[in-house]
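Here's the structure, in structure tokens; my notes come after.
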Amino acid sequence: MSIAYRILVCCCLSYIISQFYRSANAVIGPDLMRELHLTPDDLGILTGAFFITFAVSQFPVGIALDRWGPRRTIIATLVIAFIGAVWFANGDGLLELTLARIVLGIGCGALLTGPLVLFGRWFAPEKFATISGILIAVGNLGVIASTAPLAWFSQTYGWRAAFYVSAAFTVLLIVLSWFVLRDDPAPAKSKTRQGESLADTIRGIGDVVRNPSFPYLFVIIFTAYATFISLLGLWSGPYLHDVHGLDTTARGEVLIFMAVGAAIGYFLWGPLDRVFNTRKWLIGVGVGIQVICLGIIVLISGLSVLTVGIILTVTAVMNGSTVMIFAHARSVFPPELAGRGITTLNIGTMGGAAFQQILTGYLMAWLTPIGTQPTEMAYRIVFGLQALLLASALAFYLRGPDAKPGMMRQ
């Protein structure tokens with residue numbers, strides 16, 4: 001196996017643990033609420049804390065990626081993730097668990113963007129969307145692990161034990177990354193990047209933000225992933241419990257179809273930019289169908305569990321189109337700004353997720369009287385708000401320029 005593909009495998013394994021940490025609350029959320037006496041808005045804060053700090057961490061992560069290289073940045077953040085996992089496993093109460101989620105958010109901050117920078121150096125430009133799709137698809141095994149497998153493990157051994165196991169896996173990733181990752185096929189290029197002054201490195205963030213394509217990319221990335229992860233990582237589990245009466249195991253069985261659907265979607269959408277020679281319109285189709293799926297749940301009451309499961313799975317498959325956003329970004333920013341460009345946009349990914357989760361948490365608390373559980377109408381209102389945000393973001397994004405595979409920078 002070539003060095004490039006060994007790097008791909010290593011990065012995929014690291015992204016698995018990142019996806020697990022960010023999605024685990026969907027299954028264990030009701031257990032946390034019952035055991036620690038949390039309210040819906042508490043759960044929204046606890047879940048959203050990961051995404052807030054993940055988003056904030058993208059500024060220093062972007063600088064570190066371009067200045068000190070992906071290898072050292074990825075290893076350092078994995079160490080922080082290990083600390084957060086152990087802290088969460090020992091947490092007792094909202095404050096401790098929220099602080100642990102904050103540390104986890106920092107620890108996972110380079111586990112998507114770091115690999116994307118590496119792929120830009122180790123693979124041909126026209127393969128970037130495909131390789132990125134593989135990363136996100138395989139990483140989705142972490143989402144799958146956070147559904148039915150986590151539900152079974154939590155019922156058998158407890159949610160704390162699950163986080164001890166994930167912490168041990170993180171240690172293995174630190175060791176693997178140390179031996180496998182390499183910053184650049186040409187070591188001299190890495191030294192050149194490290195020679196950039198810190199002031200120039202920081203000014204590069206301004207160059208990223210001033211790029212004409214940046215607003216369109218930021219708005220869609222702020223909303224698209226946030227809507228999906230808020231469904232999978234926060235509200236789908238409680239919705240299936242409160243509206244359809246599913247227990248932990250049954251919720252996990254439904255959510256695993258979403259997770260598998262998302263993985264399939266990333267594999268399917270990745271190569272399509274070379275087939276249709278467009279990225280913008282592929283995103284338009286995928287995100288547009290997600291809006292329609294949410295609209296069905298919002299407008300039609302009394303849907304069966306089977307129907308809801310199919311709708312949520314289709315939504316997950318369509319979410320695979322968002323891999324094109326990073327391919328679009330990779331064609332816009334020059335190589336020397338690749339780390340800062342991708343991480344600055346990724347602030348939108350995680351910032352949007354935090355915004356939606358906290359916003360919908362407060363909305364759900366406002367719609368739910370104290371001492372009662374949320375009604376189907378409350379969930380339909382929450383999903384309706386998400387659909388509206390997603391549709392508005394898509395309409396704005398489609399006003400911007402396309403980024404065809406032939407436009408990818410060398």
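The values are calculated or read from the model by the stated rules, or taken from the named source; none is laboratory data. Keep in mind that what you see is a predicted model, and the values were worked out from it rather than measured. Note that we place each Cβ from the backbone using ideal geometry, even for glycine, and neighbour counts take in every protein chain shown. With ligands, DNA and RNA removed, areas are computed over all heavy atoms of the protein, side chains included. Shrake-Rupley method; radii C 1.70, N 1.55, O 1.52, S 1.80 Å.
Against the definition (out of contact with any helix residue (DSSP H, G or I) (no Cβ under 6 Å at 6 or more places or on another chain), at pLDDT 90 or above, of a type outside the set (Gly, Ala, Ser) and within 30 Å of Tyr379 (Cα to Cα)), how does Leu99 come out, yes or no? Taking the combined requirement at face value, the residue satisfies it.
Look at Gly309 and say whether it is over 15 Å from the mean Cα position of the chain (by Cα) and more than 24 Å from Phe214 (Cβ to Cβ). Answer is yes for this residue. Report yes if some residue within the range 375-389 is under 30 Å from Asp207 (Cα atoms), in contact with a helix residue (DSSP H, G or I) (Cβ under 7 Å, 6 or more places away or on another chain) and touching a residue at least 40 places away in the same chain (Cβ under 8 Å); otherwise report no. For the range 375-389, residues under 30 Å from Asp207 (Cα atoms), in contact with a helix residue (DSSP H, G or I) (Cβ under 7 Å, 6 or more places away or on another chain) and touching a residue at least 40 places away in the same chain (Cβ under 8 Å): present.
Yes/no per residue for (1) touching a Gly at 6+ places or on another chain (Cβ under 8 Å); (2) open to solvent by less than 30 Å² (accessible area, probe 1.4 Å); (3) of a type in the set (Ser, Thr, Tyr); (4) assigned to a helix (DSSP H, G or I):
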{"residue": "Val138", "(1), (2), (3), (4)": "no, no, no, yes"}
{"residue": "Gly142", "(1), (2), (3), (4)": "no, yes, no, yes"}
{"residue": "Trp152", "(1), (2), (3), (4)": "yes, no, no, yes"}
{"residue": "Ala162", "(1), (2), (3), (4)": "no, yes, no, yes"}
{"residue": "Val165", "(1), (2), (3), (4)": "no, no, no, yes"}
{"residue": "Val171", "(1), (2), (3), (4)": "no, no, no, yes"}
{"residue": "Ile174", "(1), (2), (3), (4)": "no, no, no, yes"}
{"residue": "Ser177", "(1), (2), (3), (4)": "no, yes, yes, yes"}
{"residue": "Arg182", "(1), (2), (3), (4)": "no, no, no, no"}
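When the residues of the range 69-112 are filtered to those that are among the aromatic types (Phe, Trp, Tyr) and touching a residue at least 60 places away in the same chain (Cβ under 8 Å), the one that is least open to solvent (accessible area, probe 1.4 Å) is Phe88.
This table checks each residue for (1) in contact with an Asp or Glu (Cβ under 7 Å, 6 or more places away or on another chain); (2) at pLDDT below 90.
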position	(1), (2)
Thr39	no, yes
Ile45	no, yes
Gly48	no, yes
Phe51	no, yes
Phe54	no, yes
Ala64	no, yes
Arg67	yes, yes
Ile74	no, no
Gly84	no, no
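Only one of Gly352, Gly406 is at pLDDT below 90, open to solvent by 50 Å² or more (accessible area, probe 1.4 Å), within 22 Å of Val285 (Cα to Cα) and not in a loop (DSSP other than H, G, I, E, B). Can you tell me which? Matching residue, one of Gly352, Gly406: Gly406. Selection within the range 372-394: residues that are more than 21 Å from the chain's Cα centre (by Cα) and open to solvent by less than 60 Å² (accessible area, probe 1.4 Å). The member of this set that is farthest from Gly288 (Cα to Cα) is Pro374. Residues in the range 108-129 that are within 19 Å of the chain's Cα centre (by Cα) and more than 19 Å from Tyr225 (Cβ to Cβ): Leu118 only. Say we look at the range 1-38 and pick out the residues that are over 21 Å from the mean Cα position of the chain (by Cα) and closer than 16 Å to Gly237 by Cβ; which of these is surrounded by the fewest Cβ atoms within 10 Å (Cβ to Cβ)? Across the range 1-38, the extreme among qualifying residues is Arg34.
Of all residues in the range 123-133, which are within 21 Å of Asp183 (Cβ to Cβ), surrounded by fewer than 21 Cβ atoms within 10 Å (Cβ to Cβ) and touching a residue at least 24 places away in the same chain (Cβ under 8 Å)? Once the filter is applied, which keeps residues that are within 21 Å of Asp183 (Cβ to Cβ), surrounded by fewer than 21 Cβ atoms within 10 Å (Cβ to Cβ) and touching a residue at least 24 places away in the same chain (Cβ under 8 Å), the range 123-133 yields Phe123, Pro125. The residue of the range 227-256 that is farthest from Asp31 (Cα to Cα), among those that are charged (D, E, K, R) and at pLDDT below 85, is Glu253.
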